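See below for the structure under consideration.
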Amino acid sequence: MPLTIGKIASLAKVSPDTLRYYERERLIEPAAKSEAGYRLYERDALRRIRFIKEAQRCGFTLSEIRALLTLRGSDAACCRDVRHVALEKKLQLEAQIKAMKIMSKALTNLIKECSVEGRSLDECPILGALERANGVKGTAR
Amino acid sequence: MKIELFYTPGCLKCADATGGLEAAARELIPEVIWRELNALDELDYAVRLGVVALPAVAIDGKLIFSSLPTCRQLRRELTKRIAEAGKYVH
């Protein structure tokens, strides 16, 4: 029996708006529409929505998920192709982690510099360093 | 000179192309160090070099090609390096 958007959204623990968004992003589409124009989904769609959610949790963007779903439905593709996509995603995530660690370390150093209590904002080394980094001349404020 | 090719295990595209690329490199630099690295095993190193897509090629520890180069592209890059280094005369 076809499921309404509200029902399938509730089963998948997402909002109906999310499903409409997925539809706009060409990740999912209703199997049919009722006479009144309501979206109707087959039960299989639930599996697809869960797949999308899990892939998002792993850091895949919606366009990457679309590619993964295409791979999943392709007769010519195999697990090796999916592993390739997953490995590239892992490399991208690791690169982001590395960049964030560098940013975190830079902030640690700035926080250490700002150890004096009661300084005016003009003397704040954190604001000063950030403005210097942006090439802004002059005082911190 | 050291050339490192990062690949995904089982990548047919990589397997097809690597022989030709290595031959092209050896033609210009017979003593070239050619390494083929499984990105899964060498993940930290790949991340350190900035590899985010596979296959990728690094030369002397720097990521130079973020996708598989053609033999011609590799030759051009190596020829440029040879000329810069002035170590080899052809």
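Selection over the stretch A:19-45 of residues that are farther than 16 Å from A:Leu69 by Cβ and β-branched (Val, Ile, Thr) gives a count of 0. Elements of the type helices (runs of 4 or more DSSP H) sitting completely within the stretch A:25-120 and holding at least 2 residues that are touching a Pro at 6+ places or on another chain (Cβ under 6 Å) and in contact (Cβ under 8 Å) with a residue 60 or more places away in the chain: there are none. Screening B:Glu84 with (1) more than 11 Å from every other protein chain (Cβ to nearest Cβ); (2) surrounded by 11 or more Cβ atoms within 10 Å (Cβ to Cβ) gives one miss only, at (2). Considering the stretch B:33-60, the residues that are touching a residue at least 40 places away in the same chain (Cβ under 8 Å) and outside any helix (DSSP H, G or I) include one that is farthest from the other protein chains (Cβ to nearest Cβ), namely B:Asp60.
Taking the stated definitions as given, is B:Val47 in contact with a helix residue (DSSP H, G or I) (Cβ under 8 Å, 6 or more places away or on another chain) and closer than 27 Å to A:Lys90 by Cα? It is true that B:Val47 is in contact with a helix residue (DSSP H, G or I) (Cβ under 8 Å, 6 or more places away or on another chain) and closer than 27 Å to A:Lys90 by Cα. Is there a residue being away from chain A (no Cβ under 14 Å), assigned to a loop (DSSP other than H, G, I, E, B) and in contact (Cβ under 8 Å) with a residue 12 or more places away in the chain anywhere in the stretch B:5-14? No, every residue in the stretch B:5-14 fails to be away from chain A (no Cβ under 14 Å), assigned to a loop (DSSP other than H, G, I, E, B) and in contact (Cβ under 8 Å) with a residue 12 or more places away in the chain. Taking the criterion of being within 14 Å of chain B (Cβ to nearest Cβ) and touching a Lys or Arg at 6+ places or on another chain (Cβ under 9 Å), the residues of the stretch A:80-121 that qualify are A:Val82, A:Lys98. Looking at the stretch B:54-71 only, could you name the residues that are over 16 Å from B:Asp16 (Cβ atoms) and surrounded by fewer than 17 Cβ atoms within 10 Å (Cβ to Cβ)? Of everything in the stretch B:54-71, those that are over 16 Å from B:Asp16 (Cβ atoms) and surrounded by fewer than 17 Cβ atoms within 10 Å (Cβ to Cβ) turn out to be B:Asp60, B:Gly61, B:Lys62, B:Ser66.
All of the numbers you see were taken from the coordinates with simple rules; none came from a lab. Computed from a prediction, not measured in an experiment: that's the story for all the values here. Heads up, the Cβs are rebuilt from the backbone with ideal geometry, glycines too, and the neighbour counts pull from every protein chain shown.
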